[in-house]
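Taking it in order: structure first as structure tokens, then the write-up.
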Amino acid sequence: SGLHDKEYYRNLWETISRGGIFRGILVNKRKNGELFHEEKVITPLKDAQERITHFVSTGRDITARVLSEKERMQLVAILEATPDLVATLDPDGCLRYLNGAGRRMLGLGAQENIVGQCIKDLFPERIAQELILDAIPAARRDGVWSGETVLQVIGGKELPVSQVMLAHHNKHGDIEYLSTIARDITERKHYESELQYQATHDTLTGLPNRFFLADRFKCTMEHARRTGSFVAVLFLDIDNFKRVNDSLGHAAGDNLLQQVAQRLKACLRPNDTIARHGGDEFTIIINELKQVENTLIVLQKICAEFERPLIVGSQEVYTTFSTGIALFPHDGDQVEDLLRHADTAMYRAKSFGTGQYRFYAPEMNARGHEFLTLEAELRHALGHDEFRLYYQPQMNLRNGNITSVEGLIRWQHPTRGLLLPKDFVPLLENTGLIVTVGEWVLRQACKFHRTLREAQQNELCVAVNVSAAQFNDKDLLDKIRRALDEEGMQPQKLELEITENVVMQNSTHAAEVLKSLRAMGVRTAIDDFGTGYSSLAYLKRFPLNVLKIDQTFIHDLVYNAGDTAIVEASITLAKKFGLEVVAEGVESAEQYEFLRSHDCDLAQGYFISQPLPGIEFARLLQKA
């Protein structure tokens, strides 16, 4: 045929001569030059002397079979090279073939016999049942099934896989065999688990977040409905947390939150839930309560746990909480309602001071709606000139003259009448409106001083209160300068009253602002002395002009030895530091005389005069 050389045919001849019949596969060439595989049988015929006289040759074209076998071998090579488990099974789910990757996944040796192994041998029992009852019938019915399962590997461990099962039919439409492919998804599952954890847990503390809490809360309430038990939700807010951030830094605040989270968690049972709700707020769900009073046992454990200080850096920090409590089913049967009611109760507790708790009561909701309405009306009030500044005189105890006056804000509400600061100033602070309204108070006081000067009352000093938000306002000094310049007021005639807590929240910042005010010539006073930090150090450290003794120490001054001692000590201390002393809340002649005899400089209170509108105060000055 010209396909092979003469040597090839000589060798073939010799092989036939020695062996007799030749059976084999030869590659031949057709007349058109196309190669084909031929299954060949060549038989030599011999004469009586055993000499080969001629040959009988038969051949069959097996090119298709050879190519099919070649393709099969290529397919097997591919299956053995793939990293996924590939297997064929009989229609009942018993193995016929398992590739190398599948053997490695299952921990089987390359030569280990798999014949006779079925689905139940490769998968955990629960998964095997699912495949037998669901997957194989679905593949038979629909031709394909897919899902996520787990393989049973050596050592009892489970390997998560993504699996596909296919049904293969013969030419008659009957299922001839099944095939399955399983891919290891361990890494993906780990990644999904991490994402799920991040979505449901707080990054800083590792506690569940409020989204996870809501799901857990629903399950807890369902269980409580079945068992007839109670569920308590506690909403905890760390008291004075901002002070830690401002004085020690945000990193220290984060560390404090982490420690708080661990201590709170240690106070609970394993089946209770604690979550970080956000900021410095935590939520606790106590389930399976037989009596609602048992909630107090948890509160007592928390209080006892936090009697020990937390160590933040080198600083000891004592932590207390304002806690609101709502009960299922008493206070609601929806997650959102119970969380909102606990939050409402927490704010109620906070209004009574630090370390307080309150159970939710329906009237709190009414109060909450009232505050929402009040907030909207407050925003309306400033633009419609509803605020008023009243003036309360401060009398010099040596000569009986009025030498100073404090401006006190009032709200002339269109329907509720004249409201005192306690009814709306806390809301101004919570909404952030306090900065804008505080600037209005400052400007009104400076305008009023112009009125006093025009009435020849040049020596009078006007004092106004400055809130924490105002004191930390970066534009405070510029606002003061503009108000003084626009009204032509001497700086020394303006006095800013600041509470102890405001000064001590960030002592470094406070010192800078107070020094700047001193440089401008503006006077500063510490208001409510004795009710805050009562640290004597800041009286020396900060440039102050006035110390105001809080009215709580004046009320029982004549009858309470403790208050007497505090007032006497405060006056003596202030004099040592060169500070002027003002006593607030003076309401009787006995109090007035005591203060005068103990060298107090000024008195302020109803014994002298209640706060008056500007016109009435001007008349009072004329009479004096």
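The values are calculated or read from the model by the stated rules, or taken from the named source; none is laboratory data. Note that the coordinates shown come from a computational prediction; the quantities given were computed from them, not determined experimentally. In this analysis, Cβ positions are derived from the backbone assuming ideal geometry, glycine residues included, and neighbour counts consider all displayed protein chains. SASA here: full protein model, heavy atoms, side chains in, ligands and nucleic acids out. Shrake-Rupley method; radii C 1.70, N 1.55, O 1.52, S 1.80 Å.
Tabulated values for the structure
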{"item": "For segment 292-331, convex hull volume per residue from C-alpha positions, Å³", "result": "67"}
{"item": "Calculated FRET value between residue 607 and residue 455, using beta carbons and R₀ = 25 Å, to 0.05", "result": "0.50"}
{"item": "For peptides 219-227, 415-423, sequence by mean Cβ density within 10 Å, most packed first", "result": "219-227, 415-423"}
{"item": "Residue (of 310, 247, 221) at the positive-pole extreme of segment 202-326, dipole from beta-carbon charges", "result": "221"}
{"item": "Calculated [θ] (222 nm, deg cm²/dmol) that DSSP helices of n ≥ 4 give over the chain, each run adding -39,500 (n - 2.57)", "result": "-13000 deg cm²/dmol"}
{"item": "Most positive-pole-ward Cα, 169, 480, 25, against dipole of the chain from beta carbon charges", "result": "25"}
{"item": "Solvent exposure ordering (accessible area, 1.4 Å, most first) of 13, 411, 145", "result": "13, 145, 411"}
{"item": "Shape call, segment 160-245: gyration tensor on alpha carbons, a/c limit 1.5", "result": "oblate"}
{"item": "The chain - share of DSSP beta bridges that are antiparallel (%, nearest 5)", "result": "75"}
{"item": "Volume in Å³ per residue [convex hull over Cα atoms, computed for the chain]", "result": "330"}
{"item": "Check: the chain dipole with +1 on Lys, Arg Cβ and -1 on Asp, Glu Cβ, in debye", "result": "1900"}
{"item": "Two-site FRET efficiency, residue 171 against residue 17, from Cβ-Cβ distance with R₀ of 45 Å, rounded to 0.05", "result": "0.45"}
{"item": "Protection proxy ranking, peptides 518-525, 341-348, average beta carbon neighbours within 10 Å, highest first", "result": "341-348, 518-525"}
{"item": "Net lengthening on full extension, residue 254/residue 196 (0.36 nm per residue, minus Cα-Cα)", "result": "18.6 nm"}
{"item": "Stretchable slack from residue 120 to residue 440, in nm (0.36 nm times residue separation minus alpha-carbon distance)", "result": "107.1 nm"}
{"item": "Over segment 52-129 - Rg/Rh using Cα atoms and the Kirkwood inverse-distance radius", "result": "1.28"}
{"item": "Two-decimal Rg/Rh across segment 561-616, once Rg and the Kirkwood Rh are taken from alpha-carbon atoms", "result": "1.04"}
{"item": "GluC sites (Glu not before Pro) restricted to segment 109-139 and DSSP loop, no more than 13 other C-beta within 10 Å", "result": "112"}
{"item": "Net dipole in debye of segment 12-99 [+1 Lys, Arg Cβ; -1 Asp, Glu Cβ; about Cα centre; nearest 20]", "result": "540"}
{"item": "Restraint check, 40/171; 447/576; 120/189, Cα-Cα greater than 26 Å", "result": "40/171; 447/576"}
{"item": "For residue 391, residues with placed amide H under 5 Å, excluding near neighbours", "result": "408, 612"}
{"item": "Kirkwood-based Rg to Rh ratio, segment 198-293, C-alpha trace", "result": "1.04"}
{"item": "Distance between modelled label sites at residue 73 and residue 564, nm, 7 Å Cα→Cβ extension", "result": "11.7"}
